[in-house]
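The block underneath contains the structure these notes are about, expressed in structure tokens.
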Amino acid sequence: MSDLVTGDAVVLGLRPARLPSRGLAILLDLAVYVTGYVLISVGLTVATASLDLAAQAAVAVATFLLFLVGVPIAVETLSHGRSLGKLACGLRVVRDDGGPIRFRHALVRGSMGVVELILTFGSIACIASLVSARGRRLGDVFAGTLVVRERVPGTRVMPVPPPPPWLAGRFTGLDLSAVPDGLWLAIRQYLTRMDQLDPQVGAAMAVRLADDLVARTGAPPPAGVPAAAFLMAVVHERQTRDAARAFRPAAVGPGTGYASAPMPGMMPMPGTMPVVAPVPYVAPAPAAPVAPVPPVEAPRAGGFAPPA
């Protein structure tokens, strides 16, 4: 895996393409280009049969250079680094920072490719790719590009193990709003792979993650609770809250914590009791003039669900 770092200091986990896949992609591209060159050459030969030998030679050289340099550069520029051969092999040419290539990158790669791939029959490109830690040829080095694999075998997402039954529901009062996403990701990765770790190393990681989680929540775990079990229970509590928030009914009615009143001019449905707001906005009949009271704005729901 290649540790490419973007301008925002984000590490990109890209897998560089190696020599076998790159060689197969180049062979496929060459087969397509040679086929197109032969067909166009036959057509131009018939079309320029009435010209002299010098004009025919000039047309032949221009056609050869067009298919040798111009077409590969145009294809990589327009497809953002995905020629037909690379598309078939699941490869793409990207910049060193992981972004799409532009015309200047494709121009440098195509110009160097004439020497690396055509004049030396690919020997220089093979040696450079084998020596490079990321499998780059000289054209990639001068252009600042990298060929990466787009089709990576998918990994099965492992579920987080459930907490012990005696810990279920014991952390419903924790405030999880201050726990960052990075810590949640680290805890999840540990819980899904803790069976693959050395017992001592896994126990030390669990203690460190539990200490970080306790520092974020502000409430220490109960005495005698193992660190790994504490992490399982807190993650289970967060998943429960996320599920409750996702499937919370949108309608406002009895039992949701808000009082609702019928709209003016509406009759209550048959068989139902009208719900009266606790603080009706009706001024009592005063004996003396009373200053108007501005309406009170209803409280807005926060971004986090309150502790259960």
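Here are some notes:
- Residue in segment 211-219 that is open to solvent by less than 20 Å² (accessible area, probe 1.4 Å), in contact with a helix residue (DSSP H, G or I) (Cβ under 7 Å, 6 or more places away or on another chain) and modelled with pLDDT of 85 or more present: yes
- Considering segment 123-136, and only residues there that are under 17 Å from Ala25 (Cβ atoms) and of a type in the set (Ser, Thr, Tyr), the residue that is least open to solvent (accessible area, probe 1.4 Å) turns out to be Ser129.
- Residues of segment 113-138 satisfying the condition of being of a type in the set (Lys, Arg) and at pLDDT 90 or above: Arg136, Arg137
- Some residue of segment 109-122 being touching a residue at least 12 places away in the same chain (Cβ under 8 Å), in contact with a Phe, Trp or Tyr (Cβ under 8 Å, 6 or more places away or on another chain) and either open to solvent by 70 Å² or more (accessible area, probe 1.4 Å) or over 21 Å from Leu87 (Cα atoms) (or both): yes
Let's see how each residue does on (1) among the charged types (D, E, K, R); (2) within 29 Å of the chain's Cα centre (by Cα); (3) open to solvent by 70 Å² or more (accessible area, probe 1.4 Å); (4) modelled with pLDDT of 85 or more:
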{"position": "Pro159", "(1), (2), (3), (4)": "no, yes, yes, no"}
{"position": "Pro162", "(1), (2), (3), (4)": "no, yes, yes, no"}
{"position": "Trp166", "(1), (2), (3), (4)": "no, no, yes, no"}
{"position": "Leu174", "(1), (2), (3), (4)": "no, no, no, no"}
{"position": "Ser177", "(1), (2), (3), (4)": "no, yes, no, no"}
{"position": "Asp181", "(1), (2), (3), (4)": "yes, yes, yes, no"}
{"position": "Thr192", "(1), (2), (3), (4)": "no, yes, no, yes"}
{"position": "Leu197", "(1), (2), (3), (4)": "no, yes, no, no"}
{"position": "Ala203", "(1), (2), (3), (4)": "no, no, no, yes"}
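- Residue within segment 116-131 that is more than 17 Å from Ser21 (Cα to Cα) and small (Gly, Ala, Ser) present: no
The values are calculated or read from the model by the stated rules, or taken from the named source; none is laboratory data. Worth saying up front: this structure is predicted, and the values here are computed from it rather than measured. Here Cβ is always computed from backbone atoms with ideal geometry, including for glycine, and neighbour counts include all displayed protein chains. Protein only, heavy atoms only, side chains kept; ligands, DNA and RNA dropped before computing areas. Shrake-Rupley method; radii C 1.70, N 1.55, O 1.52, S 1.80 Å.
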